[in-house]
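Below is one structure, written out as structure tokens, with a few remarks after it.
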Amino acid sequence: MKDYINIYGAGLAGCEAAWQAAERGIRVRLFEMKPQKYTPAHHTEGFAELVCSNSLRSDSVSNAVGLLKEEMRRMGSLIMEAADCTRVPAGSALAVDRSLFSDYITQKLRSHPNVEIVSKEAERVEEDTVTVIATGPLTSEPMADYISGELGCGKLHFFDAAAPIVDASTINMDIAFFASRYGKGDADYINCPMTKEQYDRFYEALVSAEEAELKEFDRESQKDVKVFEGCMPVEVMARRGYDTLRYGPLKPVGLIDPRVEGEFYAVVQLRKENAEGSMFNLVGFQTHLTFPEQRRVFRMIPGLENAEFLRYGVMHRNTYLNSPGLLSEDYSMRERPLVFFAGQMTGVEGYVESAGSGLLAGINAVRRLRGEAPFICPEETMLGAMAAYVSRGGIGDFVPMNANFGLVPPLGYRVRGGKAAKNEKLAERSLEALEALLQKT
């Protein structure tokens, strides 16, 4: 067995895995095909490129993904270090300047004495070598064929959509207003309010708008397409019913414009895309509409009638494994223990979740190389609960899963104070379990 670890893919999961291994004194070869070759969703040379939203979601430990972030911070996560250093105002959420975020991670890894960057497209893994495959949901065709063929993993597809970004200076602030829901955190979101009449016109235009033709790499029978709920295109969500958006991304509750009395019928929120606040993305507006239709329909939103779109929404294929029974809780293959997987390919969904799987895969790759027992987080932790879900699955077909408190074991006793109080107790239990584990290892 080689005395180094090969990691394929410099996305969030691959970068986190590489960092964890390198920081433990192991030589790492990090393979990344950019800039020689790009996926249809990637456009920059940097590592850990965020291609969808710039938000890492809630930063509160009483929220499942917020708890996951805190667990990762306590375990020395590079992704969390970068996020904390490049954050932009986003109320109670953790959002980042995506360019600075990528630059931070790229510089850290390129300058690490234990990391060698190999700029080439990999088509297979090296034999007799501890390996972490983190090539992501847009894995290139040769590697995907190798994974599903020679490695015997099989693969599934679903479709993921990204939201458009607008020039902040072109938003009509005579109509729009700054506020965070229920006044939590700073008033960092731009809110575009709608009356019922305005919503009616927008809704009808949205559900009848023309969708973009799938690119060649995405071409599959539409009836077989699986759309992950967390990144559902806004037009698909709207077709589920007239009020679906009003109870989802366009819900008006908790958003007050001091210039206007009463509550609005619907509200579109925009979140900062960069630290300067010159770009904002439409929250929840991942879309598959053609670019002309995006411009036409989204300019019907009050306050965006003259908006300049700096990037239109896109839709692309994601690839993930049928991981239960294939992977163990340390993210290694049961039949090929030198091969680990990390990131969305494993069935975790979301930036932070992907990085969290990379953290554990990187640590366990080192332990496999050294002949040590696997590092398994308790299921009471969010890291452990996600690993358990990936390795064992749930009820029915295996589908990608965000961090959520439904994955962790119940407390076993009632908590007064409602859901928030219960989640705080779950978070407290999780962090205590993690600290106990870290003290032993």
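The values are calculated or read from the model by the stated rules, or taken from the named source; none is laboratory data. These figures come from a predicted structure and were not determined experimentally. Cβ sites come from the backbone with ideal geometry, for glycine too, and all protein chains shown count toward neighbours. For accessibility, only protein heavy atoms count, side chains too; no ligands or nucleic acids. Shrake-Rupley method; radii C 1.70, N 1.55, O 1.52, S 1.80 Å.
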Cut-off under 5 Å, modelled amide H: who pairs with residue 116 long-range: 28, 29, 30
Under 5 Å, built H, 5+ apart or other chain: amide partners of residue 273: 279, 280, 281
Check: the chain dipole with +1 on Lys, Arg Cβ and -1 on Asp, Glu Cβ, in debye: 840
Distance from segment 315-350 to segment 1-40 (C-alpha centre basis), Å: 16
Cα gyration tensor shape of segment 284-441, rounded if a/c is under 1.5, else prolate or oblate by comparing a/b with b/c: oblate
Relative contact order (%) - the chain, alpha-carbon pairs under 8 angstrom, separation at least six: 22
Global geometry of segment 246-289, whether rounded, prolate or oblate, following the gyration tensor of its Cα atoms and the 1.5 cut on a/c: oblate
Most positive-pole-ward Cα, 256, 361, 9, against dipole of the chain from beta carbon charges: 361
Within segment 385-441: Cβ-based charge dipole about Cα centre, in debye rounded to nearest 20 (Lys, Arg +1; Asp, Glu -1): 240
Theoretical ellipticity at 222 nm over the chain - DSSP helices of four or more residues, -39500 (n - 2.57) apiece, nearest 500: -9000 deg cm²/dmol
Qualifying trypsin sites (Lys or Arg not before Pro) in segment 336-441, DSSP loop, other Cβ atoms within 10 Å at most 12: 370, 414, 416
Carbon plus sulfur fraction of accessible area for segment 82-198, probe 1.4 Å, in percent: 50
Shape of segment 160-199, Cα gyration tensor, a/c cut at 1.5: rounded
Whole-percent carbon and sulfur share, accessible surface of segment 321-441, 1.4 Å: 50
The chain: most fluctuating residue of 52, 192, 85 per GNM, C-alpha cutoff 10 Å: 85
Folded to 0 to 90 degrees: helix 64-74 orientation relative to the chain principal axis, Cα: 40
Acute angle (nearest 10 degrees) that the helix 98-110 long axis makes with the longest principal axis of the chain, alpha-carbon atoms: 10
Accessible area of the chain divided out per residue, in Å², using a probe of 1.4 angstrom: 42
Neighbourhood charge, 14 Å Cβ-Cβ cut-off, centred on residue 99 and excluding it, Lys, Arg +1 and Asp, Glu -1: -2
Max mean-square fluctuation residue, GNM over the chain, Cα-Cα springs under 10 Å, options 67, 383, 411: 411
Charge context of residue 369, other residues only, Cβ under 12 angstrom, K/R +1, D/E -1: +3
Candidates 45, 424, 127: whichever shows maximal mean-square fluctuation once the chain is modelled as a Gaussian network with Cα springs under 10 Å: 127
Dipole axis of the chain (+1 Lys, Arg; -1 Asp, Glu on Cβ), positive-most option in 333, 409, 300: 409
Centre separation in Å (Cα based) which lies between segment 41-105 and segment 406-430: 25
Between 0 and 90°, nearest 10: helix 382-392 axis offset from the chain longest Cα axis: 70
